[in-house]
Amino acid sequence: MNKYKYRKILKKYEGYLFISPWILGILVFFLLPVGYSIYISFTKWTILGKPVWIGLDNYSEIFRDKSFYNSLLVTFRYAVFAIPLGMIASFTIAFILNSDIKGLSFYRTIYYLPAVVSGVAVSLLWRWILDPEFGLINSLLAMVGIQGPGWLSDPAWVLPSYILVAIWGAGGGMITYLVGLKEVPSSLYESAEIDGAGFFTRLFRITIPMMTPILFYNLVMGIIGSFRKFTDAYILGGAGNQGKFYLVYLYENAFKFFKMGYATALAWVLFMIILMLTLLVFKSSSLWVYYESEEN
Amino acid sequence: MSASSYNTNTVNKRLRSKKRMELISTSLATLILILGAIVILIPLVWMLSTALKSDAELFTNTSFIPRDWAWGNFSKAWNSAPFNVYLRNTVFITVSCVIGALISNSLVAYGFAKINFRGKKVLFAVLLGTMMIPGSVTMIPTYLLFAKLKWIGTFLPLIVPSFFAGAFNVFLLRQFILRIPNDYSEAARIDGANEIMIFWRIIIPLMKPALTAIAIFEFNGKWNDFMGPLLYLRKEAMYTLQIGLRTFQSSNGMEWQSFMAASLIVLAPVMIIFFTLQKYFIEGVSMSGVKN
């Protein structure tokens, strides 16, 4: 009898038991830090000693901070160029791979490779490739008689350098596009062909509209990703603070200058920016994202 | 009579021109694919080529083919910093995290996929919501939390969070478990099995492909992680390969052949896993991006 009762109680709560690791995680590693950080962002604190309450001073300082605007500009400019270019590159590749080309898995492996290899090793590789004197790119340019730029040492060429690295690694998104392309019903293409629709009509009237949810997903992820850029920005750097991405600036404030309160306020501003951007993309999505279920 | 022969003639002509168009477009497509593949591979080939050049030819020989084939660069680079220690630390952290991620994520995903409880929908929405918030927002407060716990300078901040399930992994595994039919579990339940037994005996074996994908993602993420170790590790004896590579580079100036050799060794396990297990990799990525 007792055993039965015990079982019944267990049965009632077993769902919570299964998800308890996540619940604990969210409480300890998410809600607790988030709550604490709201408080910290209103204080002046150098880790040594106690946080001193200064109200909104950190936030008003942020809006007067030239370096903050610089890091924001660096991150935004990168996102504006790198995300669309990367999306076009990987969509084109996926589109080509989706036709009856021989060696699909071979190409897929190669194009996905840059998404797998990351970290310091690859950042070092790019530093070497972009070396103004002995790097691969400028050596190749010298062969055709062009004096290559100082890539990371010339402020004007820092952004193009980062865009180059981003496009090289864009193949990661290709797989989701490929899956999406396979799910476009072939009946749509068949009836379009009967109506005499050409290649570009089919591409712009069927393929791209059907792919908008996936393009949308990748756009949101790309925006968030550029505000998360750290390892290559830290290793590659870049002249004239042109490589100082938002997260690098935040890191420096916290762990180089030990301005914990200020850095936490920067993190909250970052959160608000991401939130606004994501909402903006979501709101605008009804204009250009097509969901099959809406039609039914 | 003449009209019909005219018709077949134009139809034939049209067919021929269509075939020709197809041939042109296929060859153009193949050309783009090959060019793209070359662009992807060149940096990696250049990496290998640099690693095999001798000190003397590094700045004089710009060709891809090394003159001296200095295979000794690999052992020289590896031995000029305590890379063996870095490797041991990295393997320890990575393996612990993979174990933690497998256990915690599969439990949570099963709970969300197959058990009904009050508030499940709300909690799952919260889970999806946390996916949108980048870790950089919680980075400093989490650091402060670990500082309070006196965990700075230990491996704990790098390992323990993996035992508490991550939103992305839970989402991916849940999608997979939802596709497993309930028949097996129902039969087992009639035989008196409880949820843990069903989870362990029936669901886990069926989940192997998805679990493999999770293990690979976790492995890759932790192996390549730079920021975590940068924040939390203090002593050189505890450094990971990523931090080791960075310090090796900043203390050795322009020895690009050594950096590239060491980098290649660090990348090797990730590449080997990708090439051997890419089926699971690609399935995992496919599952995550579609039908959101």
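The values are calculated or read from the model by the stated rules, or taken from the named source; none is laboratory data. What you see is a predicted model; the values in this text were computed from it and never measured. For neighbour counting, all protein chains shown are included, and Cβ atoms are generated from backbone atoms with ideal geometry for every residue, glycine included.
Observations on the model:
- Lone unmet requirement of (1) more than 7 Å from chain B (Cβ to nearest Cβ); (2) part of a helix (DSSP H, G or I); (3) without any contact (Cβ under 8 Å) to a residue 40 or more places away in the chain for A:PHE257: (2)
- Options A:LEU181, A:LEU159, A:LEU164: the member that is out of contact with any strand residue (DSSP E or B) (no Cβ under 7 Å at 6 or more places or on another chain), within 12 Å of another protein chain (Cβ to nearest Cβ), under 30 Å from A:GLY135 (Cα atoms) and among the hydrophobic types (A, V, I, L, M, F, W, C): A:LEU164
- Members of the range B:173-194 that are assigned to a helix (DSSP H, G or I) and among the acidic types (Asp, Glu): B:ASP183, B:GLU186
- Note on the range B:84-121: residues that are more than 10 Å from every other protein chain (Cβ to nearest Cβ) and at pLDDT below 95 total 1.
- Tally of residues being among the aliphatic types (A, V, I, L, M) and within 12 Å of chain A (Cβ to nearest Cβ) across the range B:10-23: 1
- Residues that are surrounded by fewer than 19 Cβ atoms within 10 Å (Cβ to Cβ) and either of a type in the set (D, E, K, R) or touching a residue at least 40 places away in the same chain (Cβ under 8 Å) (or both), drawn from the range B:275-292: B:LEU277, B:LYS279, B:GLU283, B:LYS291
- Given (1) on the phi > 0 side of the Ramachandran plot; (2) in a helix (DSSP H, G or I), index of the condition B:TRP69 fails: (2)
- Top-ranked residue in the range B:125-170 [being part of a loop (DSSP other than H, G, I, E, B) and within 25 Å of A:TYR39 (Cα to Cα); ranked as farthest from the other protein chains (Cβ to nearest Cβ)]: B:LYS150
- When B:SER286 is tested against (1) within 12 Å of the chain's Cα centre (by Cα); (2) facing another protein chain (nearest Cβ under 10 Å), exactly one condition is not met: (1).
- A:VAL165 touching a residue at least 60 places away in the same chain (Cβ under 8 Å), in contact with an Asp or Glu (Cβ under 7 Å, 6 or more places away or on another chain) and either under 26 Å from B:GLU283 (Cα atoms) or not in a helix (DSSP H, G or I) (or both): yes
- Only a single criterion out of (1) more than 8 Å from chain B (Cβ to nearest Cβ); (2) under 19 Å from A:LEU164 (Cβ atoms); (3) touching a helix residue (DSSP H, G or I) at 6+ places or on another chain (Cβ under 8 Å) is not satisfied by A:LEU104, namely (2).
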